[in-house]
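Peer 1: First the structure, then my questions, so here it is.
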Amino acid sequence: MSIICWCIPRYQGCGVGSWLLGMCKRRYAGYLRIVLTSCREKVPFYERNGFFPDRTQEAVRLIPPTFGETGIEQEEGE
C-alpha cells in the first residue's frame with residue numbers, strides 16, 4: 001500500500017506535517033514497518049517524528065522520457 005502525502009510550504013512549521021505523520025503512525029501501528037521516501041533535506045523532520053534513516057537502502061527512480069526524446073519511433077495505434 002502506498003500513500004502520498006505532503007504539506008505545502010505555506011503550512012510548514014505549523015505542526016500540520018507532524019499531525020499527518022501522527023495520523024499515519026496510529027493508522028498503521030500494527031504493520032511490520034512504515035517506509036517513507038523523502039528528499040535528503042527533509043530527513044531531520046522525519047527524525048524528529050520518530051523515523052530514522054535506513055542506511056542499508058538507496059532510493060532510485062525512473063522518469064521515462066517522451067517518445068521524441070528517445071529516438072524510438074512510436075508504433076502505429078499507440
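Each value in this text was obtained by applying a stated rule to the coordinates, not by laboratory testing. A quick note: this is a predicted structure, and the numbers were derived from the prediction, not measured. A quick note on method: Cβ atoms are made from the backbone with ideal geometry, for glycine too, and the neighbour counts reach across all protein chains shown.
Peer 1: Tell me which residues, restricted to region 1-47, are among the basic types (Lys, Arg) and exposed (fewer than 11 other Cβ atoms within 10 Å of the Cβ).
Peer 2: Residues satisfying the conditions are ARG10, ARG26, ARG33, ARG40.
Peer 1: Looking only at region 9-45, which residues are touching a Phe, Trp or Tyr at 6+ places or on another chain (Cβ under 8 Å), closer than 17 Å to GLU58 by Cα and not hydrophobic (A, V, I, L, M, F, W, C)?
Peer 2: Passing the criteria: only SER38.
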